[in-house]
1. Please work out how much accessible surface LEU27 shows to a 1.4 Å probe, ignoring ligands, DNA and RNA, in Å² rounded to 10.
2. Report the GluC sites (Glu not before Pro) located in the stretch 103-172 that are in a DSSP loop and have at most 10 other Cβ atoms inside 10 Å of their Cβ, or state none.
3. Test of the criteria: in the stretch 113-162, which trypsin sites (Lys or Arg not before Pro) are in a DSSP loop and have at most 15 other Cβ atoms within 10 angstrom of their Cβ?
4. List, in order, the whole-Hz ³J(HN,Hα) value for each residue of the stretch 135-145 obtained from phi through the Karplus relation with A = 6.51, B = -1.76, C = 1.60 and θ = phi - 60°; use x for Gly and Pro.
5. For the stretch 37-76, with all protein chains present and a 1.4 Å probe, just round the carbon and sulfur fraction of the accessible area to a whole percent.
6. What shape does the stretch 103-149 take by its C-alpha gyration tensor, where a ≥ b ≥ c are the square roots of the eigenvalues and a/c under 1.5 counts as rounded, a/b above b/c as prolate, and the rest as oblate?
7. What residues qualify as long-range amide H neighbours of SER131, i.e. H under 5 Å apart, gap of 5 or more or another chain, H built at 1.01 Å from N?
Amino acid sequence: MLPRIPQQAAESGSAPADIDDRLSAELVAVVAAARRRAVRDADRQIDTAHLLHSLLESDPQVREVFAEGAQVARLLGYLVQRSIGYGLQWQGSVEDSGAVPVVREAGWSPTAAVAMEVACLRAEGRGERRSRGVDLLAALAADPDCRAVEVLGHAGVDAGELLKRIDEVPAA
């Protein structure tokens, strides 16, 4: 089972120990769902596709960012396929976009750990203490080498256009 809050720094593939204090209640629920999904899929780490899947399922503000409802449906369909077999190409591998050194351990993929930190920094940049789902979505969409962006592309979603729409979302 994956630890609730990995205790090592983002460089090791774990989110910072104080991450729950920097997330909105909704985003804490997204992380918990992503963790359950990773365990259910027998993945050693929470990756950015797990986070994207949980964001789409549980955050209405994230769903509103997409250009059309059909994009969300395509994304969810694609992510469900991943859960039942598509992700086999990723099974047993560590998601790494080269941003941090790869360490093979349970917890967060290095790329997901960085995305969580970027989401928190994005909220801080607005003067908010807690990050929201759209902050995490922006962090995911900004990394062209992460699995979440790969999924977005397969579903016909342009990550650059998505980032523009996210920037238009008013602060909650």
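The values are calculated or read from the model by the stated rules, or taken from the named source; none is laboratory data. Since the structure is predicted, the reported quantities are computational estimates derived from the model, not experimental observations. Ideal geometry is used to build each Cβ from the backbone, glycine not excepted, and the neighbour counts take in all protein chains shown. Ligands, DNA and RNA are stripped out before the accessible areas are found, and what is left, the full protein with its side chains, is counted by its heavy atoms. Shrake-Rupley method; radii C 1.70, N 1.55, O 1.52, S 1.80 Å.
1. 0
2. Numbers: sites: GLU105, GLU117, GLU124, GLU128, GLU150, GLU161, GLU168; in loops: GLU105, GLU128, GLU168.
When the GluC sites (Glu not before Pro) of the stretch 103-172 are filtered for loop state and at most 10 Cβ neighbours within 10 Å, GLU168 remain.
3. Details: sites: ARG122, ARG126, ARG129, ARG130, ARG132, ARG147; in loops: ARG126, ARG129, ARG130, ARG132.
Those satisfying the criteria are ARG126, ARG129.
4. With coefficients 6.51, -1.76 and 1.60, one gets 5, 5, 4, 4, 5, 5, 5, 7, 9, x, 9 Hz.
5. Working: 830 of 1620 Å².
It is 52 percent, rounded to a whole number.
6. Working: a/c = 2.80, a/b = 1.59, b/c = 1.76.
Oblate.
7. LEU23, SER24
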